[in-house]
Amino acid sequence: MQLIEYREALNQAIAEEMERDDRVFLMGEEVAEYDGAYKVSKGLLQRFGPRRVIDTPISENGFAGIGVGAAMNGLKPVIEMMTWNFSLVAIDQIISNAAKTLYMSGGHFKVPMVIRGPGGAAGKLGAQHSQSLEALYMHIPGLKVVMPATPADAKGLLKTAIRDEDPIIFIESEVLYKFKGEVPEGEHLVPFGKADVVRTGKDVTIVAHSRARHTAMSAVEQLVAAGIEPEVIDPRTLRPFDIETIKASVAKTHRVVIVEEDWYWGGVGAQIAESIYSECFDELDSPIVRVASLDVPMPYASKLEHAVLPNTERVLAAVKKVCYA
């Protein structure tokens with residue numbers, strides 16, 4: 001095992017897939033000469049040259065559209081959004097074209113592209129740069145939505161995404177780029193639609209993806225001290241979604257807390273909760289409780305940001321509520 005940063009794992013995935021398949025190329029703002037805003041593409045320009053590592057103008061709608069066209073013509077573009085907040089500029093290309101072309105062409109044109117970059121809050125970036133947009137994209141048929149929480153999953157899921165034949169929304173938490181973890185040497189692929197049981201337990205199932213996985217885990221020690229053994233599950237992909245692993249957990253624990261960084265109203269957790277209620281209502285001994293960001297634009301001040309985002313204290317309170325503790 002190698003111990004590397006989340007950003008290094010992403011870099012390895014892109015480099016290995018570019019080496020394996022000469023149809024793969026990287027395009028986005030500052031990905032070439034500057035090595036990427038978050039250094040995910042460090043060294044790729046020197047290794048693969050300017051025809052495959054391409055700097056673009058500040059024109060998300062334009063280069064997302066180029067990516068759609070390139071994918072329709074047999075290439076495998078990896079499009080970097082400097083932040084997923086900027087994807088809103090390209091939303092017509094992503095939702096109207098990338099997601100719909102296979103269906104509207106009667107299966108004649110696939111769009112095998114990955115759109116990736118940082119999402120969520122990163123610390124004092126303000127309301128326009130601190131949005132979690134995964135619920136928006138997972139709502140759209142034709143898109144797959146991937147959110148890795150660890151370096152191993154970042155590498156394995158990105159390699160799987162690049163090899164996929166559908167358009168992939170690949171959202172990386174901005175605060176995790178420096179996070180270190182063990183990553184297997186050599187070929188490492190993580191399948192879509194397969195959740196990770198991060199911790200086994202018997203008293204409550206905590207479902208948490210991306211950065212929220214680490215928030216959930218931050219509460220485990222205190223829960224165990226209080227006599228509660230939580231099972232923590234990271235879905236890893238939101239579409240496709242692994243409901244079977246969660247169903248098996250709920251059949252054992254009979255209680256559920258969902259932790260998510262996006263907003264509460266219409267958030268990812270709402271769909272997860274509905275799926276659990278539909279699939280295993282009779283297994284529940286308590287209503288599902290969600291811990292999400294508050295329904296407000298993100299404040300700039302760090303103390304207010306902390307109050308808006310899910311945190312350890314809110315997770316503890318939610319778990320104790322469903323456990324009647």
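The values are calculated or read from the model by the stated rules, or taken from the named source; none is laboratory data. Model, not experiment: these values are computed from the prediction. When we count neighbours, we look across all protein chains shown, and the Cβ atoms used for this are built from the backbone with ideal geometry, even at glycine. These area figures cover heavy atoms from the full protein model, side chains too; ligands, DNA and RNA do not enter into them. Shrake-Rupley method; radii C 1.70, N 1.55, O 1.52, S 1.80 Å.
Side notes on the structure shown:
- Filter pass, Phe170 being at pLDDT 95 or above, open to solvent by less than 50 Å² (accessible area, probe 1.4 Å) and outside any helix (DSSP H, G or I): yes
- Selection of region 26-43 for residues being over 23 Å from the mean Cα position of the chain (by Cα) and buried (at least 18 other Cβ atoms within 10 Å of the Cβ) yields only Ala32.
- Residues satisfying the stated conditions in region 220-269, i.e. buried (at least 19 other Cβ atoms within 10 Å of the Cβ) and small (Gly, Ala, Ser): Ser249, Gly267, Gly269
- Any hit, region 276-283, residues being under 23 Å from Ile140 (Cα atoms), acidic (Asp, Glu), open to solvent by 10 Å² or more (accessible area, probe 1.4 Å) and in a strand (DSSP E or B): no
- Cross-chain or 6+ apart pairs with Cβ under 6 Å, region 86-101 first and more than 10 Å from Val68 (Cα to Cα), then part of a helix (DSSP H, G or I) and at pLDDT 95 or above: Phe86/Glu60; Val89/Glu60; Val89/Asn61; Ala90/Glu60; Ala90/Asn61; Ala90/Ala64
- Considered as a group, the residues in region 174-207 that are open to solvent by less than 20 Å² (accessible area, probe 1.4 Å), in contact with a Phe, Trp or Tyr (Cβ under 8 Å, 6 or more places away or on another chain) and not aliphatic (A, V, I, L, M) include one that is nearest to Glu283 (Cα to Cα), and that residue is Gly181.
- Restricting the first member to region 5-20 and to residues that are outside any helix (DSSP H, G or I), and the second to residues that are modelled with pLDDT under 95, no beta-carbon pair is closer than 9 Å while six or more apart or on different chains.
- Index of the failed condition, Ala149 passing every other in (1) within 22 Å of Glu8 (Cβ to Cβ); (2) part of a helix (DSSP H, G or I); (3) in contact with a Ser or Thr (Cβ under 9 Å, 6 or more places away or on another chain); (4) not acidic (Asp, Glu): (2)
- Pick from region 284-301, criterion in a loop (DSSP other than H, G, I, E, B) and of a type in the set (D, E, K, R), ranking: nearest to Cys323 (Cα to Cα): Asp285
- Any hit, region 293-312, residues being surrounded by 14 or more Cβ atoms within 10 Å (Cβ to Cβ), among the charged types (D, E, K, R) and out of contact with any helix residue (DSSP H, G or I) (no Cβ under 7 Å at 6 or more places or on another chain): yes
- Scope region 44-61; condition assigned to a helix (DSSP H, G or I) and within 17 Å of Val24 (Cβ to Cβ); matching residues: Leu44, Leu45, Gln46, Arg47, Phe48
- Residue in region 234-247 that is on the phi > 0 side of the Ramachandran plot and among the basic types (Lys, Arg) present: yes
- Within region 123-146, considering residues that are closer than 14 Å to Pro235 by Cβ and charged (D, E, K, R), the one surrounded by the fewest Cβ atoms within 10 Å (Cβ to Cβ): Lys144
- The set of residues in region 100-122 that are among the hydrophobic types (A, V, I, L, M, F, W, C), open to solvent by 10 Å² or more (accessible area, probe 1.4 Å) and assigned to a loop (DSSP other than H, G, I, E, B) comprises Phe109, Ala122.
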